[in-house]
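Just below is one structure, and these are the notes that go with it.
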Amino acid sequence: MFSTLHFIWLAICAVAIVTSSLVTIKKRLSLQTGLTAMCVACVLSEVVKIFCVLISEERKNANGVFIKETDLPFHLCSLQIFFAFIARLTKKESLRKFLLAFMIPTCALGGVAALFIPTISCSFGNPRTYQYFLYHAAIIWFAVFAVARGGVKLHFKAYLKMLATLLAIVFVTFYINGFFQNTNFLYLSEPPMDGLPILNMDHGWFIYFISYMAVALLLITLFFAPFWIYYKVKSKNDATEQA
């Protein structure tokens, strides 16, 4: 964590996010086009990841290769592939807005957390490193793009729906981790790495889980808060102009 290579990757991702955001916003791409780009990024990421895993497994096992359960797309950032495709293909505008209101904060916060707490080598010689960092940069870009395009209001009701959906995913993921036994999807079983402040097992799993949920709630609330303030100020200004 925070090695020289890690800082280089953070710089690369920052440049990629800013550049892609400026270009796509300036070109006024539609939300549908942005969702299409998000779907393409998700598919490319999963294809690269799967092939890297299969090639690695082939070198270890001459009797056949299999995707390990730990590489299944059940982390929050990986789940975006399903949300992106549903949001892109659905004809129901209400469902699309609901998914976008969930995707925007989870892509932004999950992507940033993944970049700052990498669970993979930062080596430039490892193809998985490119997949990991560029994919998380892509989902952060999508969050920025979706906010800039508008059409989705991150009001308090959306906040409550987003929390309820996230809790449902957490609940289901407990069962998934229990079924596979050796997976740690959503990092519910243990921290993503040792030595993290607050998010550690120094005081046992229950304290870790409570701390994890508290940090997540705080970050999500801080993410939504500026939008609430903006909507309130805008509403007052609109009321003043009409008066």
If I build a Gaussian network model for the chain, linking alpha-carbon pairs within less than 10 angstrom, which residue out of Val172, Val144, Val152 has the largest mean-square fluctuation? Val172
At what distance in nm do the modelled label points of Thr4 and Phe206 sit from each other, each positioned 7 Å from its Cα along Cα→Cβ? 4.6
Which order do peptides 154-161, 121-128 fall in by mean Cβ count within 10 Å, highest first? 154-161, 121-128
Each label point is 7 Å from the Cα along the Cα-to-Cβ direction; what then is the distance between the points at Met213 and Tyr231, in nm? 2.5
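Can you give the convex hull volume of the alpha carbon atoms of region 146-243 per residue, in Å³? Kindly include the intermediate steps, with their values, before the conclusion.
Details: hull volume 13.3 nm³, N = 98.
So the per-residue hull volume is 136 Å³.
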How big is the charge dipole of region 102-242 about its Cα centre, in debye rounded to the nearest 20, if each Lys and Arg gets +1 on its Cβ and each Asp and Glu gets -1 on its Cβ? 560
What number of lysine-lysine pairs in region 49-174 show an alpha-carbon separation below 26 angstrom, given a sequence spacing of 8 or more or placement on distinct chains? 13
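What net charge is computed for the residues neighbouring Gln32, neighbours being all others with C-beta under 11 Å from the C-beta of Gln32, Lys and Arg scored +1, Asp and Glu -1? Can you show the working numbers first?
Details: positive: Arg88, Arg96, Arg149; negative: none.
Here the charged neighbours net out to +3.
Using the alpha carbons of region 79-165, what is the convex hull volume per residue in cubic angstrom, as a whole number? Intermediate values should be presented prior to the final figure.
Working: hull volume 8.9 nm³, N = 87.
Given the Cα convex hull of region 79-165, per-residue volume reads 102 Å³.
How much of the accessible area of the chain, probe 1.4 Å, is carbon plus sulfur, in whole percent?
Details: 9670 of 13980 Å².
Answer for the chain: carbon and sulfur cover 69 percent of the accessible area.
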Please state the relative contact order of region 113-218 as a whole percent: Cα pairs under 8 Å, 6+ residues apart? 16
Listed by chain and number, the residues whose amide H is under 5 Å from that of Leu196, excluding neighbours fewer than 5 places away on the same chain and using placed H, are none
P(r) of region 20-147 over all Cα-Cα pairs, binned every 10 Å from zero, in whole percent: 12, 41, 31, 13, 3, 0
Using Cα pairs closer than 8 Å and at least 6 residues apart in sequence, work out the relative contact order for the chain, in percent. 24
Based on the Cβ-Cβ distance from Val40 to Glu69, what FRET efficiency comes out when R0 is 30 Å, to the nearest 0.05? 0.70
Residue separation between Phe124 and Val172 times 0.36 nm, minus their alpha-carbon distance, gives in nm 13.8 nm
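The values are calculated or read from the model by the stated rules, or taken from the named source; none is laboratory data. For clarity, every value in this text was computed on a predicted model and none was experimentally measured. Positions of Cβ are generated from backbone atoms using ideal geometry, with glycine treated the same way; all protein chains shown enter the neighbour counts. Heads up: the accessible areas ignore ligands, DNA and RNA and are worked out on the full protein's heavy atoms, side chains in. Shrake-Rupley method; radii C 1.70, N 1.55, O 1.52, S 1.80 Å.
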